[in-house]
Amino acid sequence: MSWTLGRAIAGQRAPSSRLWVAKLYYFIFFAALGSLAPYFNVYLSAQGLSGAQIGLLGSIPPIVALLANPFWGAIADRWQIHQQVLALCTLGAGLLTIPFLWMTEFWPLLLLVVAMIFFRSPAPALVDSAVMDMIGRTGASYGRQRLFGSIGFVVFSFGLGQLLTTRQLDPIFWLHGLLLAVGCTMLALMLPIERLRERADLLTGLQHLWRQPGYPSFLTMNVLMGAGAAMFLGFIGLHVLALGGTEAQVGMVYALNAVTEIPVMFAGAAILARFRSSHLILAGLIGFAGVYSVMALATTPTLILLVVPLLGVLYGGFWMAVVTYAAQAAPSGMRATGQALMGAAQAGLGWALGSVIGGVLWQGFGGAAVLWAAAALMLSAALVYSQANPLSRITRA
């Protein structure tokens, strides 16, 4: 078992009771995402932006994330200031959300999104790395911490969907900003993150990662998966509205997508003990492609609402597997960098490609074409991953 999950810390043991900080952090952070993500493209469309402009707004910031994730992760690892970096990132992202209330033109919106993403994108990787280390010292389950994020996303995405209208979307920015700037910033400083005595050799560690059998294919798979997920998450709300759905149904789609993650996360330790992580990843990718294909055939929002819960079940297992691999693969002292690289591949480069392609397809061919393309990307990711199968070479948690 690797250092991140099994090593003993002389003189230190994070008490299990402190895990409530991680649970609450996940809840508030994903509540902030649930307040904004399902409705942001709807807001942009209401401001008169075209499909191509919406796609561009979704593509440029992930490129920033591709740089921001390793940048902040390396700073946290190099100087062992994980709490401070995490707090700074959420504070900056929260404060930069409020000016959206007064921005309506494309170029100011683009600059603001880029700045906000630069601070927000590293936060999940930083907290995941801290939690993976905490559970290694306490014997707790990662899934039972992360499931509170799914709960937070469901509560806020569904609740706002019942209250919002296309003409009044200002609350999404207030909630996103305040939850990050106040709630997550305070909790970041309370996380019991271990500080190592020795500073990490980042260059040597990166070389070690890249030379691991299958690791480049693992990152490539995450790029393709991120592109497909970006198409779905970025344009499913607009597609539901185009099929005659309502804002409440848009919120329901995102809520159902997240709520079914919860039981999977709760049973995370048992699932990872029973099934190989490589199998969970392949099942997730192939399953995503199947669900997206069914959605592409839908002529009303009803069929989308019926099948979207399957995505949460698949994603729960997939996410636990990739986070576990990123933790196990990371050399000593590079826990944040390892998670950040995986996040940069998936939510950075992958998300950028998916947003651009999705925007072009949406404007030219509509939502069905976006979903078909997303399904094709998921199958491509499964093919790439199956050729290397890196997790089969690493001891399972």
- [ ] Would you point out the residue of the stretch 217-250, among those that are part of a helix (DSSP H, G or I) and polar (S, T, N, Q), that is nearest to L163 (Cα to Cα)?
- [x] Q249
Open item on the list: Would you confirm whether or not the stretch 12-19 contains a residue that is open to solvent by 50 Å² or more (accessible area, probe 1.4 Å) and either more than 30 Å from P331 (Cα to Cα) or modelled with pLDDT of 85 or more (or both)?
Closed with: no
Task: Subset of the stretch 155-183 [crowded, with 20+ Cβ neighbours inside 10 Å and either touching a strand residue (DSSP E or B) at 6+ places or on another chain (Cβ under 8 Å) or under 28 Å from A270 (Cβ atoms) (or both)] - done: S157, F158
Open item on the list: Residue under question is G152, and the condition is that it be modelled with pLDDT under 80 and either under 22 Å from L311 (Cβ atoms) or open to solvent by 10 Å² or more (accessible area, probe 1.4 Å) (or both); does it hold?
Closed with: no
Task: Residue check, L353 assigned to a helix (DSSP H, G or I), at pLDDT 85 or above, more than 26 Å from D133 (Cβ to Cβ) and open to solvent by less than 10 Å² (accessible area, probe 1.4 Å) - done: no
Open item on the list: Taking the condition of being among the basic types (K, R) and touching a helix residue (DSSP H, G or I) at 6+ places or on another chain (Cβ under 6 Å), how many residues in the stretch 17-45 meet it?
Closed with: 1
Task: Unmet criterion (only one of (1) buried (at least 22 other Cβ atoms within 10 Å of the Cβ); (2) at pLDDT below 90) for L126 - done: (2)
Open item on the list: Between A289, A326, which is open to solvent by less than 40 Å² (accessible area, probe 1.4 Å), more than 29 Å from Q83 (Cβ to Cβ), under 19 Å from the mean Cα position of the chain (by Cα) and not charged (D, E, K, R)?
Closed with: A289
TODO: Kindly check whether there is at least one residue in the stretch 199-222 that is under 22 Å from the mean Cα position of the chain (by Cα), at pLDDT 95 or above and aliphatic (A, V, I, L, M).
DONE: yes
Task: Members of the stretch 99-122 found to be among the charged types (D, E, K, R) and without any contact (Cβ under 8 Å) to a residue 24 or more places away in the chain, listed by number - done: E105
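The values are calculated or read from the model by the stated rules, or taken from the named source; none is laboratory data. None of the values given here were measured: they were computed from a predicted structure. Here Cβ is always computed from backbone atoms with ideal geometry, including for glycine, and neighbour counts include all displayed protein chains. Accessible surface areas use protein heavy atoms only, side chains included; no ligands, DNA or RNA. Shrake-Rupley method; radii C 1.70, N 1.55, O 1.52, S 1.80 Å.
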